[in-house]
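Presented below is the structure to which this report refers.
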Amino acid sequence: MRLHVNIDHVATVRQARGTSYPDPVWAAALCELAGAHGITAHLREDRRHVNDRDMRLLRQTVRTVLNFEMAATDEMVRIACEVRPEIVTLVPERREERTTEGGLDLLAQGARLRAPCAALADAGIAVAIFVDPDERQVRAAAELGVPRIELHTGDYCHATGVTARAELARLTQATALGVSLGLEVAGGHGLDYPNVGPVAAIPGMTELNIGHAIVGRAIFVGLDRAVRDMLALLPPA
Ligand code: PXP
């Protein structure tokens, strides 16, 4: 299982004071030295954490894989085509939300995504779409012709008991469907040290994007240890 560390929340701390530290670019390098297989960063329309300078520097410094999360807007497509990350993950974005609240609704918006997906693919970028673990959404992603999906794990992470088991089953089924349709399947959102194990064990799931829990633990144990602790819970890549 590959681990992509989302470094947005390092930038969140920086933005809280408008300082130049802590630098998410430094964080990315430390994550890579600790064994992370990739770095994920979300450039939001309101630049509330990661900013344009971060994305451009990350492109120059990341030695593994850079996964650029973004909304499918003209502005973001233009920036992504300039930055040229290995992966772009298309996510829904609402200004009022605290964090991404769910997957893109491809049944409602699939047609609107065709042009952005084509522009990104033409720039040599592997496009992933962040979707809920729902059969119709996974099929719609495959119909768009993208090579990857990221399944929203938030509902599983927020649930307990029987509901958590049901959400895990949905993730397992959606992963199997994605693989059968030829998609590379990743997962992310809300994953933490206590809840990551069952998701990491889903057959066919190859990559997890994890941010808040790792950056939160890093405050106490350091980023190197926080990344290594998470890697220790995942099957080898
Ligand atoms: N995947 C996607 C698509 C996200 O939007 C986020 C949050 O930015 C993550 C993964 C990481 O979520 P968390 O910070 O809860 O680990």
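Couple of notes before you dig in:
- Restricting the trypsin sites (Lys or Arg not before Pro) of segment 1-66 to loop positions (DSSP other than H, G, I, E, B) with no more than 15 neighbouring Cβ atoms within 10 Å leaves 47, 48, 63.
- Loop-located GluC sites (Glu not before Pro) in segment 1-75 whose Cβ has at most 13 other Cβ within 10 Å (DSSP): 45
- Distance between segment 79-98 and segment 182-220 - C-alpha centres, whole angstrom: 19
- Across the accessible surface of the chain, with the other protein chains kept in place and a 1.4 Å probe, carbon and sulfur atoms take up 54 percent.
- Extension gain from residue 121 to residue 48, taking 0.36 nm per residue of separation minus the Cα-Cα distance: 23.6 nm
- To the nearest 10, the accessible area of residue 9 is 60 Å² with a 1.4 Å probe.
- Remark: the residue 176-residue 78 segment gains 32.0 nm on full extension, using 0.36 nm per residue and subtracting the alpha carbon distance.
- Sorted peptide list for 79-86, 95-102, criterion being average Cβ within 10 angstrom, highest first: 79-86, 95-102
- Calculated [θ] (222 nm, deg cm²/dmol) that DSSP helices of n ≥ 4 give over the chain, each run adding -39,500 (n - 2.57): -14500 deg cm²/dmol
The values are calculated or read from the model by the stated rules, or taken from the named source; none is laboratory data. All figures in this text were calculated on a predicted structure; none of them were measured in a lab. Glycine also receives a Cβ, built like all others from the backbone with ideal geometry; neighbour counts cover every protein chain displayed. Protein only, heavy atoms only, side chains kept; ligands, DNA and RNA dropped before computing areas. Shrake-Rupley method; radii C 1.70, N 1.55, O 1.52, S 1.80 Å.
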